[in-house]
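Take a look at the structure below.
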Amino acid sequence: MRIISFEVNTETWPSRGVSEYDAQNQLSGGASSGWPFYMQDDWQGLTLHPSYVIGGTRLNPWYPVFSTSVYVAFGPHAEDGDVKRLINFDLSCLTRWRPCREPGDLMPEAVAQHTSEEPQLAQLRKDHVCRQHVVALMARDAEFASVAEVTGIHPEELLREGKAKVPTVRMIENFKSKDYWKPGEYGDIDIYDVNTDRVFASLPSDLRVGHRFILLAQFEKPYGVIADPCGIVPLNPVNLDLVKQAIAGSLPSAKP
């Protein structure tokens with residue numbers, strides 16, 4: 001899958017001993033292509049429109065650089081109307097007395113839609129219902145889509161979460177990334193919470209020794225292989241067909 005992405009970023013560097021109005025603002029923008037959607041994106045807008053995602057980033061307020069950004073990434077099936085609307089750059093602030101200060105000054109349509117959608121997306125992340133459409137999105141966007149078997153569960157000391165239970169699984173059949181994780185090989189997986197960006201201390205009920213399931217996961221430094229709870233899918237013919245169809249590019253219709 002080929003992705004086209006556009007981003008605008010603004011950084012504020014506070015100056016010591018002066019007011020906030022003397023802070024330095026720097027705007028930068030860029031366009032790049034070539035990476036797929038990530039599983040985290042499935043909860044950041046792809047549940048509403050599976051062919052493009054709008055995102056924003058805000059760094060910790062105690063960090064010396066205060067940064068905000070907005071980006072739009074389009075998949076190959078994004079409609080022309082959405083592309084033209086969301087990358088409609090407004091450059092008028094470049095010549096105004098009040099210069100460009102926020103990403104919304106340059107990408108107003110993207111920022112406005114991101115702002116309006118975020119309350120709904122926050123609720124979707126909180127409810128975390130693993131509907132067919134969500135599972136299909138994860139199958140499409142995951143680096144690893146496979147059948148795996150739990151061979152053991154061991155405690156692991158994590159940096160922020162304290163002790164957590166980590167399952168070790170054996171790959172039975174891999175539908176993606178066959179060169180990285182081959183059938184018969186073993187690996188640990190962490191179950192992540194997209195709301196807190198932390199590893200779950202407890203495991204889904206399907207993760208028990210000897211149990212086989214469909215694993216939808218990705219590799220992320222420094223944690224290794226991570227999965228969303230909705231990426232731990234019961235192994236049955238219906239779900240297996242859903243995953244394979246999604247990998248082939250056929251997604252079920254999203255229900256409101």
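All of the numbers you see were taken from the coordinates with simple rules; none came from a lab. This one's a predicted model, so the numbers in the text were calculated from it and none came from an experiment. Positions of Cβ are generated from backbone atoms using ideal geometry, with glycine treated the same way; all protein chains shown enter the neighbour counts.
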**OP:** Under a cut-off of 19 Å between alpha-carbon atoms, report the aspartates and glutamates in cross-link reach of Lys165, not counting same-chain residues fewer than 8 places apart.
**Re:** Glu149, Glu156, Glu157, Asp188, Asp190, Asp193, Asp197, Asp206, Glu220, Asp228
**OP:** Would you mind ranking His154, His128 by Cβ crowding within 10 Å, fewest neighbours first?
**Re:** His154, His128
Subject >> Ordering of 201-207, 129-135, 212-218 by packing [mean C-beta count within 10 Å, highest first] >> reply: 212-218, 129-135, 201-207
Original post:
Taking Lys176 as the anchor, which aspartates and glutamates have their alpha carbon closer than 12 Å to its alpha carbon, excluding any fewer than eight residues away along the same chain?
Top reply: Asp141, Glu143
**OP:** Work out how much length Arg170 to Asp127 would gain on full extension: take 0.36 nm times their residue separation and subtract the Cα-Cα distance, in nm to one decimal.
**Re:** 12.5 nm
